[in-house]
Amino acid sequence: MSNLLFQLNDKQKEAVIQTEGPVLILAGAGSGKTRTLTFRVAYLIKEKKVPPKNILAVTFTNKAAGEMIERIKQLLNLPQNISPYSQYLPHIGTFHSICVRILRREIEKIGYKKNFVIYDEQDQQTLIKRVIKDLGISTDQIRPATILGAISGTKNNLIGPEDFRMEVGSYFEEIVANCYEKYNEYLKKADAIDFDDIIMLTVEIFKKFPKTLERYQELFRYLMVDEYQDTNQAQYIFLKLLAQKYRNLCVVGDDWQSIYSWRGADVQNILNFEKDYPEAKVITLEQNYRSTQTILDAAYCIISKNINRKDKKLWTEKKSDQLITSYEALDEKDEANFIAREIKRLKKKMKLKLSNFAVLYRTNAQSRVLEEAFIKWGIPYRIIGGVKFYQRKEIKDILAYLFFIKNPSDQVSFERIINVPARKIGTKTIQKILSSKKESQTILDRIEEIVFGQKSTEFLPKEKVKRLKQFFELIKRNQDFSLKNSVSKLIENVFFESGYEEMILKDRENGEARRENVLELLTVANKFDNEENGLEIFLEEVALVSQTDRDLEKLDAVPLMTLHSAKGLEYEIVFIVGMEEGILPHSRSTLSEKEMEEERRLCYVGITRAKQKAYLLFTTSRNIYGSTQISIRSRFLEEIDEHLLEKISFEEMVKINKKEESNNEDFYEYYEKKLIFKKNNWKKKSKLKKIF
DNA sequence: TATATAGTGTTTTTT
DNA sequence: ACACTATATA
């Protein structure tokens, strides 16, 4: 182990051996924070002889947790196939996965059933719409998403419906208060909790039951938290309560990379750590192992304009041989073509893989033009983020069947599947079933009653009863089936029997692809086939896992993603597009200084992803919401010192490419046309547009 | 209940 | 430009 410490620099070592008491590690971009954290865990176990089960490490993504477990296994020389719940491994997971585990054991204390289901964003949407409808609120003025956002923010601040009502100060808040109450009521009726509840209810239990809290304080004696700048109030209190007794709380983060405040993350948590824990040891990791000094300097130019931050100065031993390149494109198409061109050129010249590049943008809408250009130039690309696997309709539908089979009270899942595939059962019939249902009755039981009851045809038309009976039998059959068969077999069964397969294959265009998605789900489910209560574990995992780790990394392709998705990643060459006022910084952020600081951090995160070189692109004019607008260079671009920048004009770009690749017909032809286009000025734009 | 049409609002999304 | 949703109509 002490051998291993040689692999760390002095500051990192300091952070590792300071095992007792509160520790704040301010880890700059690329300073090896995950490495430090992992070593610290290994050090605690090997040198300090702390039992692994007394260590809790919290990350923000399942991916990060998975990677950390892998690295710790290696450091501790543990077998690869060891169970993640083994006593030889510390507890490592996201806030949500840790809290769900706690809730499964303790939630009955506060009157919930312990086999609750977890509603994701889509489920929440459906539920809140139902609430709004039932309360008779008009959606002309207020959008469901706004109300949901307000409720979520409130939950993140640990404010319950009653407390919220007391603080109501406006008409809008009054509506939110009403919705909040009913929303929670409906959740409870469906034995469901939402993402925010996972943390909030755990804290509630800790506060109400000191004995229970103490048990967890004893268990998690050593606490470590990654990405601390992204914690919200609820998570902050959760940690505070757990750390109260032993005060062994080590947090790692970088206030300069806080980019999720709009989701409730509070930078103040990291900025105030020393106030909360006056005896805290503060260690700053400033040596950067990723980028060149030029990149670090340029990034510093931008971040240094922020007032609300701790100061630090990143440095590197890497020498800089490349400046930051800025390119003024004619429009977004030229911008995209420049990148495609440049990637082709550099890939050859520097012997890079496509996955060594990355294109980053502020908004998802910007990806389309890029995709078109990559297709045109025949460059494989991959969109990171975007529509997630588990959010695709066919996957959600099949999962809803499983959820309903497992929990026949689950109203959201019920409404999702009752008429998919079409069974001619609409809102009217659904309404009748639900409103006639007794409190203690499951939805399925009520349907059974209707279908087999004496006066069934008085209650509903014959046709509907027949359809409902088919649905009832489908669910019943599969409930029985699920008792004797594996999850994957169950999925298969549901997929065929429900007529879902038949339905999606009618979609000539995407049917086959959608079918393959379901088959992909089957592959995921296979992993749970040998587990005791496979269905349960499978649904749990599916509710908490996003799709990030499912990216097929095999194919070499250029990753395209938002600046947010890029956090934590690194690439040799990084392109940031749309360095324009209104895009980066985004127009919605220009009103408040706080939000402007976040945009600046976003830009900082983007630039510091680059190991060798960063390109900053902007346009002269851009098509936005269907109309062309003249663009203004981003203030962030102006903030970078002149001597760090190399500006390439359109003509220079053409010259470089002609010289280096005069044999490429495609390219030659394209730029000839573009040159003519530019000479011909703006007036003829529409005419020439057709050529490209 | 399914489908056509007009109207609307456009950030970011680790769980 | 475009996708999504609420409303009208078959």
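For this structure, a couple of remarks:
- Computed from the Cβ-Cβ distance with R0 of 45 Å, the FRET efficiency linking A:Q268 to A:K466 stands at 0.15.
- For the range A:253-329, the normalised intensity computed at q = 0.15, 0.18, 0.19, 0.24 Å⁻¹ comes to -0.69, -0.91, -0.97, -1.20 (log10 of I(q)/I(0), Debye sum over alpha carbons, equal scatterers, no solvent).
- Here chain A is treated with +1 on each Lys and Arg Cβ and -1 on each Asp and Glu Cβ, and its dipole about the Cα centre works out to around 980 debye.
- Once C-alpha pairs closer than 8 Å and six or more residues apart are averaged by separation and normalised to the residue number of chain A, the relative contact order reads 17 percent.
- Two-decimal Rg/Rh across chain A, once Rg and the Kirkwood Rh are taken from alpha-carbon atoms: 0.99
- Shape of the range A:254-402, Cα gyration tensor, a/c cut at 1.5: oblate
- Listed by chain and number, the lysines whose C-alpha is less than 19 Å from the C-alpha of A:K349, apart from same-chain residues fewer than 8 away, are A:K611, A:K613, A:K655, A:K658, A:K659.
- Long-range amide H partners of A:L330 with built H, under 5 Å: A:E335, A:T620
- The range A:327-372-the range A:67-96 distance, computed between alpha-carbon centres (Å): 38 Å
- The fraction of Cα-Cα pairs per 10 angstrom bin, counted from 0 for the range A:59-153, comes to 13, 28, 27, 19, 10, 4, 0 percent, rounded to whole percents.
- Each eigenvalue of the Cα gyration tensor of the range A:490-617, multiplied by 5 and square-rooted, gives one semi-axis; in descending order these are 40, 18, 17 Å.
- Rounded if a/c under 1.5, otherwise prolate or oblate - the range A:441-540, Cα gyration tensor axes: oblate
- Across the range A:170-292, the volume of the C-alpha convex hull divided among the residues equals 169 Å³ per residue.
- Shape category assigned to the range A:576-656 from the gyration tensor of Cα positions, a/c cut at 1.5: oblate
Bear in mind these aren't lab numbers, they're just calculated from the coordinates by the rules spelled out. Please read all numbers here as calculations on a predicted model, not as lab measurements. Backbone-built Cβ (ideal geometry, glycine too); neighbour counts: all protein chains shown.
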